[in-house]
Amino acid sequence: MSALRRKFGEDYQVVNTSRSMTFSAPAKRKRQRFVEKNGRCNVQHGNLGGETSRYLSDLFTTLVDLKWRWNLLIFILTYTVAWLVMASMWWVIAYIRGDLSTTGHDPSYTPCVANVYNFPSAFLFFIETEATIGYGSRYITEKCPEGIILFLFQSLLGSIVDAFLIGCMFIKMSQPKKRAETLMFSQDAVISQRDGKLCLMFRVGNLRNSHMVSAQIRCKLIKSRQTPEGEFLPLDQCELDVGFGTGADQLFLVSPLTICHEINTNSPFFDLSQRSLMNEQFEIVVILEGIVETTGMTCQARTSYTEDEVLWGHRFLPVMSLEEGFFRVDYSQFHNTFEVPTPPYSVKEQEEKSSLTSPNPVAIAPTLPSPLLGNRVGRRERLLSADHAENLEDQASRLPSKLQRMSSTKEEHLWRALKTGTALPGGKAYSTGDLSLSIQRFRSSSIPAVKHGQPEEQVKLLSLDLDADEGDPVKHRQPTAISTIGAATPAPVPFPSMGSRPEDNLPPKLRKMNADR
């Protein structure tokens, strides 16, 4: 353990490759796999009926897909039968022409094939001709036209048989299936946190120095499910995202890589926890594809992980080390994992827990209706609560002195415009939206009362609060005099008396703040 920490640092805990988990569960019966660990698909086709003829339509692929013992048997039988048939045809020609009898021929008689007296000699002639050996003792003569025709047929048939069988054996020997034997997958997959996110991870490696060109990896989740309509889907296939959108699925497979699937709201493992993992039944099929650099043929390696082979709260042990001038890969630690602290909850449960513990948003205090406007509430009257306004005032008090002086000067001009009813330069009248938050809240909650002898000042305040009429934005920009004429029609409502200065009606806290400024 001390040597391990010296090599990899203090962050690594005790290495534990066993599958002991926090929650104990009864041992499961080993169930049937859809894809074996070596990549072989455990599927057999039966009851084909009349569809078996389709295999003969693609005879070359059928022969290549056969096992080696059947390929060798077909190879030997094809050549043996072809040789015997062709030797028999040469023997028949010699028998019909009478070349097999050694007596009764004139000295000037020319046989079809010289020195062919029986079937063994005819068989040897065919082998010498087919293999282009040509010992010279047996040869075809020009006095045998049927022999010439058979010779041409033999040459064509031999070329076809050689091309078919030798080509079939060559393709079978050069298949990239054996190249997949040097591509490794970890025995187990792990679930732990990476960059603060819960991830499903497994490891891949390449044992050869030759690279896999354009290597790409994909993952499929095989799990039976039932649709809301009641349809049962056995062995339904679902795609697992291993970086398709970011390009992480394109691998530069020079050293062992850890493939990561982030468990989020789009993942089928969104509600998977450490406890529910024991009751699940699924299989993760991993497919690694690439082009073999030496042959240029496409290679595919496969493996699978069942729910028993997914370790919760584990992480793979590093296998890379820096040597003098190169990096070394220790494949003896390729399958080893070690335990790390991992929450036993699912991502869904973690998000629900975080949403419950998150702070509440700032509440907005309801706006009281203005006595002059009835139940109409303008957009400028939707204000924050008193506590939030005080926080904003505290923040404003921390502004630089120059900005504080500019703000206080602006408020003085606004109060002067409200009191005298004159428009500011530019032909625009100020409204309550241009005041500070504390003054806006004061005006929205309790409009200052006026004396009975001041109807003109009542109308001036009314012209500033008429911005609730959202359909007439031009009216908001009118000067104070025009607003006074337009608003003089309704009868003035009597209000309690108020002071001659608006500052006198402010709360003590606001009066103290304005005095300090």
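The values are calculated or read from the model by the stated rules, or taken from the named source; none is laboratory data. For clarity, every value in this text was computed on a predicted model and none was experimentally measured. All Cβ positions, even for glycine, are placed from backbone atoms using ideal geometry, and neighbour counts span all protein chains on display. In case anyone asks, the SASA skips ligands and DNA or RNA and just uses the protein heavy atoms, side chains included. Shrake-Rupley method; radii C 1.70, N 1.55, O 1.52, S 1.80 Å.
The set of residues in region 82-120 being free of Cβ contacts under 8 Å to residues at least 24 places away in the same chain, open to solvent by 50 Å² or more (accessible area, probe 1.4 Å) and touching a Phe, Trp or Tyr at 6+ places or on another chain (Cβ under 7 Å) consists of THR102 alone.
Set side by side, the residues TYR55, TYR79 differ, and just one is under 60 Å from the mean Cα position of the chain (by Cα), surrounded by fewer than 16 Cβ atoms within 10 Å (Cβ to Cβ), among the aromatic types (Phe, Trp, Tyr) and at pLDDT 90 or above, which is TYR79. Region 164-208 holds strands (runs of 3 or more DSSP E) entirely within its bounds, and those carrying 2 or more residues that are β-branched (Val, Ile, Thr) map to 189-194. Only a single criterion out of (1) modelled with pLDDT under 85; (2) in a helix (DSSP H, G or I) is not satisfied by SER88, namely (1).
Just to be sure before I move on: is PHE316 at pLDDT 95 or above and either touching a His at 6+ places or on another chain (Cβ under 9 Å) or under 22 Å from ASN209 (Cα atoms) (or both) in the structure I sent? Step through it out loud before you land on a result.
Details: at pLDDT 95 or above: yes; either touching a His at 6+ places or on another chain (Cβ under 9 Å) or under 22 Å from ASN209 (Cα atoms) (or both): yes.
Taking the combined requirement at face value, the residue satisfies it.
Table: residues versus (1) among the aromatic types (Phe, Trp, Tyr); (2) exposed (fewer than 13 other Cβ atoms within 10 Å of the Cβ).
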site: GLY205; (1), (2): no, no
site: ASN209; (1), (2): no, yes
site: ARG218; (1), (2): no, no
site: LEU221; (1), (2): no, no
site: GLU229; (1), (2): no, yes
site: PHE232; (1), (2): yes, yes
site: LEU235; (1), (2): no, yes
site: CYS238; (1), (2): no, no
site: GLY245; (1), (2): no, yes
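Scanning region 188-203 for residues that are in contact with a helix residue (DSSP H, G or I) (Cβ under 7 Å, 6 or more places away or on another chain) and within 24 Å of SER332 (Cα to Cα) turns up ASP188, ALA189.
Within region 58-76, if we keep just the residues that are of a type in the set (D, E, K, R) and assigned to a helix (DSSP H, G or I), the residue that is least open to solvent (accessible area, probe 1.4 Å) turns out to be ASP65.
Which members of region 200-232 meet the condition of being of a type in the set (Phe, Trp, Tyr) and within 21 Å of ARG315 (Cα to Cα)? Let's see the steps before the verdict.
So the first thing to find is which residues in region 200-232 are of a type in the set (Phe, Trp, Tyr), and the list is 202, 232.
Once the filter is applied, which keeps residues that are of a type in the set (Phe, Trp, Tyr) and within 21 Å of ARG315 (Cα to Cα), region 200-232 yields only PHE202.
Could you check, for region 45-61, whether at least one of its residues is in contact (Cβ under 8 Å) with a residue 60 or more places away in the chain and farther than 27 Å from VAL204 by Cα? Checking region 45-61: at least one residue is in contact (Cβ under 8 Å) with a residue 60 or more places away in the chain and farther than 27 Å from VAL204 by Cα.
When residues of region 129-148 are filtered for being assigned to a loop (DSSP other than H, G, I, E, B) and under 60 Å from the mean Cα position of the chain (by Cα), how many remain? Write out each step before concluding.
Of the residues in region 129-148, the ones assigned to a loop (DSSP other than H, G, I, E, B) are 131-139, 141-144.
Okay, now just the ones that are also under 60 Å from the mean Cα position of the chain (by Cα), so 131.
Within region 129-148, residues that are assigned to a loop (DSSP other than H, G, I, E, B) and under 60 Å from the mean Cα position of the chain (by Cα) number 1.
Within region 268-284, is even one residue part of a strand (DSSP E or B) and at negative phi? Scanning region 268-284, I find at least one residue that is part of a strand (DSSP E or B) and at negative phi, so the answer is yes. Being open to solvent by 10 Å² or more (accessible area, probe 1.4 Å), within 20 Å of the chain's Cα centre (by Cα) and more than 14 Å from ALA189 (Cα to Cα) is a property that GLU289 has.
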